[in-house]
Amino acid sequence: MFGIDILGTGSYTPAMRVVNDDLSKVVETSDEWISTRTGIKARHLADGESTWKMGAEAAKEAIKNAGIDVLDIGVIIDATITSDFYTPSVACVIQNEIGAWNAAAYDLNAACSGFVYAVDAAKRYLQTDPDLKYVLVVSNEMLSRITDFTDRSSCILFGDGAAAAVIGRSEKLFTSYIGADGRGAHSLYAKSHKVFHPFRTSQTDEIDSGDFAAGTVFLIQDGKEVYKFATKALPTAAQKAADKIGLDIGEIDWFIPHQANIRIIETAAKNLGVSMDKFIVNIEEHGNTSSASIPIAMHEAVAAGKIKRGDKLCLVGFGAGLTMGAVIIEY
Ligand code: UT7
């Protein structure tokens with residue numbers, strides 16, 4: 001089987017730690033509500049760090065742990081929805097910071113499914129280009145940039161952070177599934193800024209669609225719709241990936257789900273018929289860091305010695321788009 005090898009991982013977590021009681025000073029909420037409805041106790045917020053800087057720190061650690069020559073990286077894919085720039089890509093800025101001069105570099109937007117989408121792409125590059133040695137996948141998010149800290153239903157969920165993985169080729173187990181349903185695009189979105197060119201005659205909001213609210217650049221979500229989608233998307237994506245190679249879900253050692261809400265993860269585990277003991281969960285400390293959530297959880301579990309070489313992993317996510325995806329690999 002053509003597979004991949006996760007040669008090294010790294011992560012970056014901002015030092016600023018905001019606990020639920022801190023948020024209750026900003027919006028009408030409580031530690032009790034947030035803990036029981038989401039499983040989140042704390043989140044880390046960037047305090048001066050940029051999105052690219054967080055990603056670069058995670059990338060450096062991943063490269064060090066992989067023990068590779070940075071010049072052997074042929075592609076950098078940066079999954080982010082909170083870039084510091086419209087252009088250039090964060091991937092190009094990170095390429096410069098780490099000196100990966102032989103790498104093509106671009107950003108990928110699949111929201112919280114971004115890391116899974118990027119690993120899926122990395123495998124395809126490695127499979128089709130024999131000259132390519134390594135792909136660096138980075139996920140870095142500063143959700144505090146787009147969080148409305150007057151909206152108690154969403155601001156309690158999100159955190160900032162980054163993680164990265166150096167990926168090479170192998171003959172280990174690999175299967176993946178990625179999907180999207182744009183009919184749910186209006187359920188979770190953050191708009192870019194308005195158009196101000198001097199010849200503009202239109203008085204309407206810049207996005208030509210009634211489904212997106214006018215005005216705000218902050219993240220808007222229909223929590224209940226996303227919740228419904230998520231509880232189906234996680235088991236569906238994992239199952240579809242497994243079915244492609246006739247793999248029994250019961251053979252997977254660790255599920256590393258997008259860390260959005262503990263109740264979503266518990267429902268997904270139940271629907272898959274898998275014990276919660278097999279789920280890597282760090283939502284209590286990080287909240288939802290979008291595309292960075294899966295690789296941060298993976299890196300922490302690797303660093304803690306929980307995930308070991310040879311373990312079968314299912315990385316599974318969902319997010320704005322609406323997107324979903326799963327990759328099943330042998331670590
Ligand atoms: O990466 C993907 C990102 N998004 C998600 O994964 C979000 C998925 N959705 C969710 O996780 C949940 O829908 C939320 C955590 C966002 C909300 O939980 P819920 O159990 O669906 O709560 P709800 O929206 O039904 O609200 C219940 C009540 C409401 O009050 P009333 O109308 O019953 O009086 C809300 O106004 O809780 C209230 N509420 C809060 N109360 C205290 C909403 N947010 C808060 C809050 N603190 N932070």
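Going through (1) surrounded by 22 or more Cβ atoms within 10 Å (Cβ to Cβ); (2) under 18 Å from the mean Cα position of the chain (by Cα) one by one, L126 falls short only on (2).
Just one of the numbered conditions (1) open to solvent by 80 Å² or more (accessible area, probe 1.4 Å); (2) among the aromatic types (F, W, Y); (3) within 25 Å of L143 (Cβ to Cβ) is not true of F196: (3).
Being within 16 Å of the ligand (Cβ to nearest atom) and on the phi > 0 side of the Ramachandran plot is the requirement here; does G39 meet it?
On the way: within 16 Å of the ligand (Cβ to nearest atom): yes; on the phi > 0 side of the Ramachandran plot: yes.
It is true that G39 is within 16 Å of the ligand (Cβ to nearest atom) and on the phi > 0 side of the Ramachandran plot.
Restricting A118, A111, A103 to residues that are more than 11 Å from the chain's Cα centre (by Cα) and open to solvent by less than 30 Å² (accessible area, probe 1.4 Å) narrows the list to A103. Scoring E266 on the criteria (1) under 21 Å from D31 (Cβ atoms); (2) in contact with a Gly (Cβ under 8 Å, 6 or more places away or on another chain); (3) open to solvent by 10 Å² or more (accessible area, probe 1.4 Å) leaves a single failure, condition (2). Contact map, the stretch 179-201: first residue assigned to a helix (DSSP H, G or I), second residue more than 16 Å from the ligand (Cβ to nearest atom), Cβ cut-off under 6 Å, separation 6 or more or different chains; pairs are H186/D211; H186/F212.
Can you tell me which residues in the stretch 37-50 are surrounded by fewer than 24 Cβ atoms within 10 Å (Cβ to Cβ) and in contact with a strand residue (DSSP E or B) (Cβ under 8 Å, 6 or more places away or on another chain)?
The answer is K41, A42, H44, L45, E49, S50.
Among residues of the stretch 18-36 being assigned to a helix (DSSP H, G or I) and more than 8 Å from the ligand (Cβ to nearest atom), the one that is least open to solvent (accessible area, probe 1.4 Å) is N20. Six or more apart or on different chains, Cβ under 6 Å: which pairs go from a residue in the stretch 119-144 that's part of a loop (DSSP other than H, G, I, E, B) to one that's of a type in the set (S, T, Y) and surrounded by fewer than 24 Cβ atoms within 10 Å (Cβ to Cβ)? Could you list them? The qualifying pairs are L132/Y125. When P257 is tested against (1) open to solvent by 50 Å² or more (accessible area, probe 1.4 Å); (2) at pLDDT 95 or above; (3) not hydrophobic (A, V, I, L, M, F, W, C), only condition (1) is not met.
Among helices (runs of 4 or more DSSP H) entirely within the stretch 221-331, having at least 1 residues that are more than 13 Å from the ligand (Cβ to nearest atom), among the acidic types (D, E) and under 26 Å from R183 (Cβ atoms) singles out 223-244.
The values are calculated or read from the model by the stated rules, or taken from the named source; none is laboratory data. Quick caveat: nothing in here was measured; it's all calculated off a predicted structure. With ideal geometry, Cβ positions are generated from the backbone for all residues, glycine too; neighbour counts draw on all protein chains shown. The area values use the complete protein model at the heavy-atom level, side chains included, leaving out ligands, DNA and RNA. Shrake-Rupley method; radii C 1.70, N 1.55, O 1.52, S 1.80 Å.
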